[in-house]
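Peer 1: I have a structure here, written as structure tokens, and I will follow up with some questions on it.
What follows draws every value from the coordinates through simple rules; no lab data is involved. Predicted, not measured: the structure shown is a model, and the values here were computed from it. Neighbour counts are summed over all protein chains in view; Cβ atoms, including those assigned to glycine, are modelled from backbone coordinates with ideal geometry.
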Amino acid sequence: MKIIVCCKIVPNEEEIRVLPDRSLDLSATPWKISQYDLNALESGRQLAAETKGSVTALSVGGPSALDSTKIRKDVLSRGADDLKLVIDDSHSFSDSLETAKALAGALKNCGAFDVVLCGMGSSDLYLQETGIQTGALLGLPSINNVTAIRPAGEGLLEVERTLEEEVETLEVTLPAVLSVSSEINVPSVPAMREIMRAGKKPVAVLDDLGALDGASLEMLEQLAPEQQERRQEVIEGDGDEAVEALAQFLKKECL
Amino acid sequence: MLNQTVFVISDDTAALSELCAGAKSLATRVTAIVFGGQDTAESAASCGADAIRYCPVSEEGAPEDYASAIAAVVKKENQAFVMLHNSIRGRCLAGRIGVLLDTPVLTSVSAVAEEGGALVCRRMVYGGTAQRSERFAKPYGVATISGGAFEPGPALPTTTDIAQLEGAPEGGIRRISRAEKKEGGVNLVAAKRIVDVGRGLAAEEDLALCRELAGVLGAEVGCSRPVAENNKWLPKSSYMGITGVQVKPDVILTLGVSGQVQHIGGINKSRVIVAINKDKAAPIFKSCDFGLVGDLYKIVPALIKKLS
């Protein structure tokens, strides 16, 4: 089975600087693989092992994110056989449709595939729409919140989808686009051997996207939430005195 | 108020009234789209919408199959805003409708307001590090709206404009079976007190200790993402964070929670945050009202004794 896993390279949200005026400074924020795409990579690795298939990782983004050898090796150490990139500096990929159009365009240049896997959402924007919109643009079945994937014979997958109150089992005709839930697996930590091999795996840069329609959303404001004042009364110690202080605090505040 | 139509789409009748009340405060015309037969539509007649269209989903079918029929109805308007319930199905349907209307989707929107003749949506980005306000630059906008975004409105007259949605379902994925979810869910959103378990807990059986403390405090037990997703010690509905449940109790007592931005984003509306963590440098201590730097395995049993 030929599997393509879409990975987004995002700024590490734990290292974004919030300036005194509550605006964000991302100039020194390092890049990382979007948290939830690690689940998609792991699903791809497992499905490829089960079906004796292959995994291609696909990422679309700007040069500052995708030119990094470290990031490329990181993606390739997680089960992908090769990496395809669309490096594009002229789009911001800040809306779900623009990103989906970019991915749909790139997928058309990837050759035949059986399944495209996406994470449940990106850890920067977390719109959770990329997989659904990419599938819809390509006219392929697409489904979100997939919690199990089982091969079900030629050209079919049996897919478990967990909703708020129920669990569905679906028969998906391939090719299809699946967004996997973060509960589908626990991404394995790459072994040293995989990290060593990653540097030797092929990386192909696909044609750039040309003209997309451009973003259809206008950003008016982006600010850190106002800091709620917290008292930060912190005591060091776990002896009786410290616990007594905590008990008194709880009794006074809320019990 | 905008002179246009807002479509409200919900697979959850409880969410419908809140969304319609919100839509009614934004625009002159509100059309609700519900899933079920005429009886479903009639039981929703006082949801606040001016008109209700129902999609008679069959036992084998799914609301998502109505994406193209809904998009066709929306397209009859020159300009419209489509608001959906922020559920998993809602987001799936929203994405498909968005493609058919050639527009992106904003999800988990926490507020919608009319500003300068346009509808502005607010949502969290970067795991709760910032709030972003955006508006659609195209005639159609699609957004899924989080619970609590709107105040429930005054009681509105019952509509009699009820009809089946034009168009047929299409593109369904075959469902082999469906089953009710087994995991017991807790309603953390409504909880007044919460014990919040983090990765500092060493073993699953130690949850008993956390539950004992919760019992003494009259609290529910929730957790951070890795406890639910990596360890699977608690159901996913128990994890709090920007990508999980967002809570607002009177008091939340965190045990071994480090305090990542993503998690804090889910608990920072709590009136009082108490932290117990052995790592003095844990960021949770910057976001707490009261904290103890120490071993939770010493503190919690002693605290239970004192409070019992």
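Peer 1: Would you mind ranking A:140, A:178, A:38, A:26 so that the residue whose beta carbon has the fewest other beta carbons within 10 Å leads the list?
Peer 2: The order, fewest Cβ neighbours first, is A:26, A:140, A:38, A:178.
Peer 1: Tell me, what are the semi-axes, in whole angstrom and largest first, of the equivalent ellipsoid of the range B:188-307 as set by the roots of 5 times the Cα gyration tensor eigenvalues?
Peer 2: 18, 16, 15
Peer 1: Further, regarding this structure: Once amide H atoms are built 1.01 Å from N in the peptide plane, which residues 5 or more positions from residue A:84, or in another chain, come under 5 Å H to H?
Peer 2: Sorted by chain and number, the residues that satisfy this are A:57, A:58, A:59, A:204.
Peer 1: In whole angstrom, note down how far apart the Cα centers of the range B:188-246 and the range B:113-129 are.
Peer 2: First find each Cα centre; the distance between them is then 30 Å.
Peer 1: Let me confirm one metric for peptide A:179-188, namely the mean number of other chain beta-carbon atoms within 10 Å of its residues' beta-carbons.
Peer 2: Averaged over the peptide's residues, the number is 3.
Peer 1: For the range B:2-164, what proportion of DSSP beta bridges, expressed in % and rounded to the nearest 5, is antiparallel?
Peer 2: 30
Peer 1: Using alpha-carbon pairs under 8 Å, 6+ residues apart, how would you state the relative contact order of chain B in percent?
Peer 2: Over chain B, the number comes to 15 percent.
Peer 1: How long are the three semi-axes of the equivalent ellipsoid for the protein assembly as shown, computed from the Cα gyration tensor as the root of 5 times each eigenvalue, in whole Å, largest first?
Peer 2: 37, 31, 23
Peer 1: Related question: Could you put B:2, A:163 in order, starting from the residue whose Cβ has the fewest other Cβ atoms within 10 Å?
Peer 2: Least crowded to most crowded, the residues run B:2, A:163.
Peer 1: Follow-up. What is the average number of partner chain Cβ atoms found within 10 Å of a Cβ in A:118-125?
Peer 2: 3
Peer 1: Cα centroid distance between the range B:29-104 and the range A:67-85, in Å?
Peer 2: 40
Peer 1: Quick one: of the DSSP bridges fully inside the range A:2-226, what percent are antiparallel, nearest 5?
Peer 2: DSSP beta bridges in the range A:2-226 are roughly 40 percent antiparallel.
Peer 1: State the antiparallel share, in %, of DSSP beta bridges confined to the protein assembly as shown, rounding to the nearest 5.
Peer 2: Antiparallel: roughly 35 percent of the beta bridges in the protein assembly as shown.
Peer 1: As I understand it, the value is the acute angle between the Cα axis of helix A:96-108 and the longest principal axis of the Cα atoms of chain A; what does it come to in degrees, rounded to 10?
Peer 2: Its long axis makes an angle of about 30 degrees.
Peer 1: With a bin width of 10 angstrom, please list the P(r) values of the range B:256-308 as percents of all Cα-Cα pairs, from the 0 bin to the one holding the largest distance.
Peer 2: Taking all Cα pairs of the range B:256-308, the binned fractions are 25, 49, 24, 1 percent.
Peer 1: Can you put A:120, A:1 in order of Cβ neighbours within 10 angstrom, beginning with the fewest?
Peer 2: A:1, A:120
Peer 1: I need two numbers for chain A: Rg to one decimal and Dmax as a whole number, Cα atoms only, in Å.
Peer 2: Spelled out, the Cα radius of gyration and Dmax of chain A are 21.6, 68 Å.
Peer 1: Still on this structure: Against the longest alpha carbon principal axis of chain B, how many degrees, from 0 to 90 and to the nearest 10, is the axis of helix B:88-100 turned?
Peer 2: Between helix and principal axis, roughly 40 degrees.
Peer 1: Could you state the principal axis extents of the C-alpha atoms in the range A:1-62, from the largest down, to the nearest angstrom?
Peer 2: Over the range A:1-62, Cα extents along the principal axes are 53, 19, 13 Å.
Peer 1: Same structure again: Modelled label-to-label distance, residue A:21 and residue A:248, 7 Å Cα→beta-carbon offset: nm?
Peer 2: For the pair residue A:21/residue A:248, the computed spacing is 4.5 nm.
Peer 1: Which value at 222 nm does chain B reach when only helices count, each DSSP H run of 4 or more adding -39,500 (n - 2.57), with the total divided by all residues and rounded to the nearest 500 deg cm²/dmol?
Peer 2: It comes out at -7000 deg cm²/dmol, rounded to the nearest 500.
Peer 1: Compute the distance in nm between two label points, each set 7 Å from the Cα along the Cα-to-Cβ direction, one at residue B:178 and one at residue B:231.
Peer 2: Between residue B:178 and residue B:231, the label points sit 3.4 nm apart.
Peer 1: With Kirkwood's inverse mean 1/r over C-alpha pairs for Rh, give me the Rg to Rh ratio of the range B:2-164, two decimals please.
Peer 2: Rounded to two decimals, Rg/Rh equals 0.94.
Peer 1: Would you mind calculating the relative contact order of chain A from Cα pairs under 8 angstrom and at least 6 residues apart, reporting the percent as a whole number?
Peer 2: Normalised by residue count, the contact order of chain A is 23 percent.
Peer 1: Considering all alpha-carbon pairs of chain B, what whole percent are spaced by more than 26 angstrom?
Peer 2: Result for the distance tail: 52 percent.
Peer 1: Figure the gain on full extension for residue A:110 and residue A:81 (residue separation times 0.36 nm, minus the Cα-Cα span) and round it to one decimal in nm.
Peer 2: Between residue A:110 and residue A:81, full extension yields 9.1 nm more.
Peer 1: log10 I(q)/I(0), Debye, Cα-only the range A:107-255, no solvent, q = 0.12 Å⁻¹?
Peer 2: These q points yield log10 I(q)/I(0) values of -0.82.
Peer 1: Taking each residue of B:216-228 in turn, how many C-beta atoms of other protein chains fall within 10 Å of its C-beta, and what is the average?
Peer 2: 1
Peer 1: Using r as the Cβ-Cβ distance of residue B:1 and residue A:241, and R0 as 60 Å, what FRET efficiency do you calculate, to the nearest 0.05?
Peer 2: That gives a FRET efficiency of 0.50.
Peer 1: Report, in degrees rounded to the nearest 10, the 0 to 90 angle that the Cα long axis of helix B:207-217 makes with the longest principal axis of chain B.
Peer 2: That works out to roughly 80 degrees.
Peer 1: With just the Cα atoms defining each centre, how far is the range A:95-137 from the range B:161-184? Give it in Å.
Peer 2: So the two Cα centres are separated by 24 Å.
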